[in-house]
Structure formats: structure tokens, C-alpha cells
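Data block below; observations after.
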Amino acid sequence: MEKQYFATWESVRSHTVPDWYDDCKLGIFVHWGAYSVPAWAPPTCQLGEIDGDENWFCNNPYAEWYYNSINVRKGQTWEHHKKVWGEDFPYENFAHMWKAEKWDPAEWAALFREAGAGYVVLTTKHHDGLCLFPSKYTDYSTVAIGPQRDIMGELTRAVREQGMKMGAYYSGIIDWRFANDPIFHDSQNFTNACPTYEYADYAYKQVMELIDRYHPSVLWNDIGWPKRGEEMLPNLLAHYYNVVPEGVIDDRWNGLIRDFASREYKFGEVTREEKWEMNRGIGLSFGYNTEEDERHLLSKAELVSLLVSTVANGGNLLINVGPMANGVIPPEQVERLRALGAWLRVNGEAIYGTRCADRLSETTESGIDLHYTAKDDMMYVMMDHLPAGESKVMLKGLHGTLQAIDPTVKFACTDESDGLCVTIQEYHPDCYALAFRLAR
Ligand code: GLC
């Protein structure tokens, strides 16, 4: 019998990260909503450029924040909105215009599987309040308007058919339709967002609906939980863990509880002692932003590097796709996911099911990054940023027989007194990181 949880902090905090989550390493985040219709955020922003900027809230690179710009009535997105749609054009119109007419959930799920992902997390309700599932508590959902489909339900089925786990993102504390405190609109003071008991109750009941209907394997709350509803959290989470024994939660619950720590765009100070998850878009936005081009997107090589360096340090990568309003995932995102999948099909042994090795990532004098993972009696060495052609890598303190996971990799290795001396031959940068196994 599965462990039972009770509605106390002590009980829900005794929950631990399930192995499936730590094993599968790669998840796909999907930000899809009414914001995918205007699909716009300032294009000039480079990552990090506007961090700490007091105008971040009305000028950020996140296309899914479009509604906020309309509320705040300032910033580049607001200027864009006035010009293209007109200043009296309400955000809700985008929800009606969103038709998802080309959406095939089975096609998405097949792509995510091909990318090598083990789980998918969908924005069931982002900050704009539009629900991508039928809810007893609102008619503002994609079932009643816009696409007229239970997007969460259809995607859940398709994802599970592909053997992956399905997770639900929910914006707990922010719902811009209820953000009646003007401070909230342009400051970081999230505690004043949606401050009423009524809203806290609404969020509680909706998350309960999500749990009971879809049994999401990941419950990914965003920003925080309404202060007024905090005392109900042990109840909500005990229910979640009891209904979904394999469930796992993120850390955006007012700092009160977490199974894993989330990291948005930055690695930050991540300890290898606890499970964490890196999430970011392929570009600089989560929602589809028509202003983004190759300059804003991670290259295929960068995407592989991100996965490798994340996993070697105990993290999962939750890489985001931002589909277009019609349901098509932009080809530049598809291409990158396919490349990641192709790399994983060859090198997945060094990624899936591994844990941190007792050796830290390091960079050689010639700029080659070395990452390590471990599984059973094997250690894996991944060499990233190798130059084309031939190069030498010294693996100090390691001994034994090094085997390339990809049998076509050409290399020579001699076991010397201070470690393994590896010569990589005829390396082509399209191979991205090379992975090797070494018996421990
Ligand atoms: C932030 C943003 C949001 C995005 C999320 C993903 O909280 O507000 O737009 O969904 O992070 O990490």
C-alpha cells in the first residue's frame, strides 16, 4: 500500500522526489494561451540585459506577459498593442480569436517523445486566467470559448499514449483578471496579487479539479500561492500525493514546501544535494514571440550543452516550446528538439537514470568542458566544446578502459600514472558532446 499523507505540514513535507522524475532528466514545458495570438514581446532584449530593471514588469521578453502590458499601459508591448490592435482592444478578444485549428495533440506528443523527453508540463492556467481545461468554477476556458477543446485533457491522453508523464502548470497567485491592487501591476510585490479569500478559494478548487481529473505527475505552481489560502495547502498537497503517488511538486509555494527547486533561465546557486529543474524557452520567451529569430534562440549545440551541464549537476531540464495560436510548433523549435533527441538516442546512456558523479564538472586549459554522471558501476564522461579535428584531453586521476558510447567515435586512450590521456580524432562539431563510459 502506498504511503498515505495527512493534512499537516509535517506529513506533506515528508514527501520525497520519485525516482522516475530524477531518472528521466528531460521534460517539455508548453506555454500556449491567448497570448499566442498577438505573440509579441520586445525583440531587443538579450538575456540578463533587463534583470533588475525596475521596468521589467512592463518591458520583459516574455510574450505570455502581454496582458500585463495592457493592464499597466506602458512599455514596448503596450506601444505595439496600440499600434497593431488599438488601445481599446481588450485582451479577452485574443481568447476568442485563438482557434487552435491545426492542433494535433498526437503530433506534439510524438515530437516530444522524439526529443527524448520523459514528461510534459502544460500551462493549464497562466497569469491571464484563461483555463485550458473545463472548470466548474469559470466559463473562461478553452472549452467554452476560442479553441472549444479540453486542451489539457487531449494533450494528457496523447502524452500518456507515448509513454510519457503529464504535468500541470498552474499560476497560483497571479490571475490578472483579479489583480485589483494597482501596486501589483508594476512591482515585484506579488504578495498583493489576487488578495481575496474568494480568489484563494478559486485557485484551491481549480487545482483540486486538475488533480482529480488529470492526476498530473508534476504539479508545477507558478510564482506563489495566495496568502489567504496558505492554511489550506497541506490539505491540497496531501490530497495530491494520495491521489497521485508518483507526483512531484516544484518550489513556488511561498517557500513553504518543495520536492525540487526550480531555476528559470539561470543556473544560480544550485546545490548538488537537492533535486532541481532548469526551465527556459528555446528563445528568450516562453510564449511564442513572432519577433524572435535565430539570434534569440539557443543553437542545437547550446541546447545539448545545457542538458549535459544541467544533468551532470543533478538537474532536470524542462525546455519550453511556445506553439503558435493555430497549434503548429514553429519549425525552428521543432528542429532543435529533434536534434536534442537525435543526440540522446546515441548518448542517452550517459544521461537517463544517472546521478551526479563524485567528480565536479571542469574546463580544460584548451576550453573543453568535462562533465560527469554515474549509474550502477559506471561513470560517464562527457566532453563538450571540442574543437573540430584532433584534440587531447587529460582525465586526471581516472584509470581503466574508456569506451565511447557512440561506437563510431575515433579516439585513442592511454592509461598513464596520473590519469587517462585521451586523443580525440576526426571530431566533427555536429556530434556535439561526446560521451564515454568507464567502469568505476
Ligand atoms: C515566471 C513567469 C512566467 C513563466 C514562468 C516559467 O513565473 O511569470 O511567464 O511561466 O516563470 O518559469
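Please state which one of Arg338, Arg355, Arg345 is at pLDDT 95 or above, within 28 Å of Thr124 (Cα to Cα), open to solvent by 20 Å² or more (accessible area, probe 1.4 Å) and basic (Lys, Arg).
Working: Arg355 fails: within 28 Å of Thr124 (Cα to Cα); Arg345 fails: within 28 Å of Thr124 (Cα to Cα).
Matching residue, one of Arg338, Arg355, Arg345: Arg338.
Given the condition touching a helix residue (DSSP H, G or I) at 6+ places or on another chain (Cβ under 7 Å), modelled with pLDDT of 95 or more and assigned to a loop (DSSP other than H, G, I, E, B), answer yes or no: does some residue in the stretch 16-26 qualify? Give the derivation first.
As a first pass, look at the stretch 16-26 and keep what is touching a helix residue (DSSP H, G or I) at 6+ places or on another chain (Cβ under 7 Å): 25-26.
Then keep just the ones that are modelled with pLDDT of 95 or more; that gives 25-26.
Now narrow it down to the ones that are assigned to a loop (DSSP other than H, G, I, E, B): 25.
Within the stretch 16-26, one or more residues are touching a helix residue (DSSP H, G or I) at 6+ places or on another chain (Cβ under 7 Å), modelled with pLDDT of 95 or more and assigned to a loop (DSSP other than H, G, I, E, B).
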Fill in: Candidate set: the stretch 214-269, residues that are over 19 Å from Val120 (Cβ atoms) and small (Gly, Ala, Ser); chosen: the one nearest to the ligand (Cβ to nearest atom)
Gly224
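Enumerate the helices (runs of 4 or more DSSP H) found wholly within the stretch 70-143, keeping only those where 1 or more residues are within 17 Å of Cys58 (Cβ to Cβ).
Working: elements: 76-84, 92-97, 105-114.
The qualifying helices (runs of 4 or more DSSP H) are 76-84.
Just checking, which of Asn320, Asn289, Asn254 is touching a Phe, Trp or Tyr at 6+ places or on another chain (Cβ under 7 Å), among the polar types (S, T, N, Q) and outside any loop (DSSP other than H, G, I, E, B)?
Working: Asn289 fails: outside any loop (DSSP other than H, G, I, E, B); Asn254 fails: outside any loop (DSSP other than H, G, I, E, B).
None of the others qualify; the one that does is Asn320.
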Response to the item:
Picked from the stretch 104-115 (must be open to solvent by less than 10 Å² (accessible area, probe 1.4 Å) and in contact with a Lys or Arg (Cβ under 9 Å, 6 or more places away or on another chain)), the residue farthest from the ligand (Cβ to nearest atom) is Ala109
Discussion item. Looking only at the stretch 172-212, how many residues end up being within 14 Å of Gly229 (Cα to Cα), open to solvent by 10 Å² or more (accessible area, probe 1.4 Å) and at pLDDT below 80?
Written reply: 3
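Within the stretch 125-138, is even one residue hydrophobic (A, V, I, L, M, F, W, C), closer than 15 Å to Phe94 by Cβ and either within 14 Å of the ligand (Cβ to nearest atom) or at pLDDT below 95 (or both)? Let's see the steps before the verdict.
Restricting attention to the stretch 125-138, the residues satisfying the condition of being hydrophobic (A, V, I, L, M, F, W, C) are 130-133.
If we keep only those that are closer than 15 Å to Phe94 by Cβ too, we end up with 130-132.
If we keep only those that are either within 14 Å of the ligand (Cβ to nearest atom) or at pLDDT below 95 (or both) too, we end up with 130, 132.
Yes, that holds for at least one residue.
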Discussion item. Can you say whether Glu274 is of a type outside the set (Lys, Arg), open to solvent by 40 Å² or more (accessible area, probe 1.4 Å) and within 14 Å of the ligand (Cβ to nearest atom), as far as the supplied structure shows?
Written reply: no
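Only one residue in Asn289, Asn254, Asn279 is touching a strand residue (DSSP E or B) at 6+ places or on another chain (Cβ under 6 Å) and in contact (Cβ under 8 Å) with a residue 12 or more places away in the chain. Which one?
On the way: Asn289 fails: touching a strand residue (DSSP E or B) at 6+ places or on another chain (Cβ under 6 Å); Asn254 fails: touching a strand residue (DSSP E or B) at 6+ places or on another chain (Cβ under 6 Å).
Among Asn289, Asn254, Asn279, only Asn279 is touching a strand residue (DSSP E or B) at 6+ places or on another chain (Cβ under 6 Å) and in contact (Cβ under 8 Å) with a residue 12 or more places away in the chain.
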Discussion item. Testing Asn235 on (1) surrounded by 21 or more Cβ atoms within 10 Å (Cβ to Cβ); (2) at pLDDT 95 or above, one condition comes back false. Which one is that?
Written reply: (1)
Item to complete: Any chance you could count how many residues in the stretch 347-370 are over 23 Å from the mean Cα position of the chain (by Cα), of a type outside the set (Asp, Glu) and more than 16 Å from Leu398 (Cβ to Cβ)?
Response: 3
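The values are calculated or read from the model by the stated rules, or taken from the named source; none is laboratory data. Small disclaimer: the values here were computed from a predicted structure and weren't measured. Cβ sites come from the backbone with ideal geometry, for glycine too, and all protein chains shown count toward neighbours. Keep in mind that these areas ignore ligands, DNA and RNA; they rest on the heavy atoms of the full protein, side chains included. Shrake-Rupley method; radii C 1.70, N 1.55, O 1.52, S 1.80 Å.
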